[in-house]
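Notes to accompany the following structure.
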């Protein structure tokens, strides 16, 4: 915490020192009003959460230096839900507690086209956010008290290294126990990227030191090493294919009392023609020997959007999970006065990795469009359980605005 406030002080000092020079101020503002309804078998009552999230801040830039500070607040307008900390525990969890805090406070120094160093409370959005991300779907985003260096080493070679000493979770300032407001530790995230002729090839290492005893007894500390290839190829006739392949090996790290190792695999292909695309994919979060928390875990990732939207696998089961998915989507940049129109439908089938058995199936639907600067969306998830968890249905209605 002390290091965060030192970073905030450095940011304000940067602004003061630059006041006599050419200084550009950029206001930051955004708001999101959302209804989330959840009906989950096995619980006596449904959740109906209406929450309003607002962020406001400013970025000051002078030559190569910039300072950013941003506040964040979440208000629960409708309280018929359990946020994981407060409320009726007989209702399904909607992890959007009321909250007021500094979301970001960072200082950055940039050498154009060469390097950027950022220090302070910031978003870390790495690769596809599977292992490290900002979890922006939740009203209270996940931020990191960290130092990050990004550099271009050669025309096609880049490096991105971060050291984080604190993770501010989606649980907000009232977080505690197994849902802490922050998680200390000595985390190191490193990516080395090469722009090859067939796509961007990235080697990565994520060393997570989740140094909070109440947070799963240190069992989410892990070291993950892997490689990822992401590219796009035109096929002619306005067709194109996007593809992603990834492999990683995860094992215990730091104070984790478990001794385990497990594999991660991802393969995805998207065939598109103009506005329409068809996607098929396979993701494996492997298991070791079936003990709890000895399968591949992603505690600092942006878990929403992976393995469906019903969030049944935010903690990977002891026997791991295999997700086979397919979907259709369409996106139009502009339709008359409406912008950013998006429609999509995806289906998932989940199995275990060990002792292969069916977990269940899920349907995800989305409709979204932007009208006069406000993005309106309706999102639906329907998880049908087989041998894991219980049937769950979720509906989101959202209005979002950003300056």
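The values are calculated or read from the model by the stated rules, or taken from the named source; none is laboratory data. As the structure is a prediction and not an experimental result, all values here were calculated from the model. So basically every Cβ, Gly included, is an ideal-geometry build from the backbone, and we count neighbours across all protein chains shown.
For the residues 169, 202, the requirement of being within 20 Å of the chain's Cα centre (by Cα), within 27 Å of residue 71 (Cβ to Cβ) and at pLDDT 95 or above singles out 169. Filtered by the rule that a residue be surrounded by 15 or more Cβ atoms within 10 Å (Cβ to Cβ), free of Cβ contacts under 8 Å to residues at least 40 places away in the same chain and assigned to a loop (DSSP other than H, G, I, E, B), region 110-129 gives a lone residue, 123. The listed residues are 317, 257, 299, and the only one of them that is assigned to a loop (DSSP other than H, G, I, E, B), out of contact with any helix residue (DSSP H, G or I) (no Cβ under 9 Å at 6 or more places or on another chain) and in contact (Cβ under 8 Å) with a residue 24 or more places away in the chain turns out to be 317.
Counting only residues that are exposed (fewer than 14 other Cβ atoms within 10 Å of the Cβ) and free of Cβ contacts under 8 Å to residues at least 40 places away in the same chain, region 270-288 holds 2 of them. Tell me which residues, restricted to region 260-278, are within 30 Å of residue 343 (Cβ to Cβ), in contact with a strand residue (DSSP E or B) (Cβ under 8 Å, 6 or more places away or on another chain) and assigned to a loop (DSSP other than H, G, I, E, B). Within region 260-278, just 275 meets the criteria. If you check residue 310 against the conditions, is it assigned to a loop (DSSP other than H, G, I, E, B), within 28 Å of residue 50 (Cα to Cα), under 23 Å from the mean Cα position of the chain (by Cα) and in contact (Cβ under 8 Å) with a residue 60 or more places away in the chain? Yes, satisfied.
Could you tell me whether residue 120 is modelled with pLDDT of 95 or more and at positive phi? Spelling it out, residue 120 is indeed modelled with pLDDT of 95 or more and at positive phi. Are any of the residues in region 179-194 surrounded by fewer than 17 Cβ atoms within 10 Å (Cβ to Cβ) and not in a strand (DSSP E or B)? Taking every residue of region 179-194 in turn, none turns out to be surrounded by fewer than 17 Cβ atoms within 10 Å (Cβ to Cβ) and not in a strand (DSSP E or B).
Scanning region 212-228 for residues that are buried (at least 16 other Cβ atoms within 10 Å of the Cβ) and either part of a strand (DSSP E or B) or in contact with a helix residue (DSSP H, G or I) (Cβ under 7 Å, 6 or more places away or on another chain) (or both) gives 222, 223, 224, 226, 228.
Could you say which residue among 247, 225, 239 is in contact (Cβ under 8 Å) with a residue 12 or more places away in the chain and within 19 Å of residue 195 (Cα to Cα)? Going through 247, 225, 239 in turn, just one is in contact (Cβ under 8 Å) with a residue 12 or more places away in the chain and within 19 Å of residue 195 (Cα to Cα): 247.
Listed conditions (1) in contact (Cβ under 8 Å) with a residue 60 or more places away in the chain; (2) in contact with a strand residue (DSSP E or B) (Cβ under 9 Å, 6 or more places away or on another chain) are all met by residue 339, apart from (1).
Restricted to region 347-371, and to residues there that are at pLDDT 95 or above and in a loop (DSSP other than H, G, I, E, B), the residue that is surrounded by the fewest Cβ atoms within 10 Å (Cβ to Cβ) is 357.
Within region 83-104, does at least one residue satisfy the condition of being more than 30 Å from residue 310 (Cα to Cα), in contact with a strand residue (DSSP E or B) (Cβ under 9 Å, 6 or more places away or on another chain), in contact (Cβ under 8 Å) with a residue 24 or more places away in the chain and in a strand (DSSP E or B)? No, every residue in region 83-104 fails to be more than 30 Å from residue 310 (Cα to Cα), in contact with a strand residue (DSSP E or B) (Cβ under 9 Å, 6 or more places away or on another chain), in contact (Cβ under 8 Å) with a residue 24 or more places away in the chain and in a strand (DSSP E or B).
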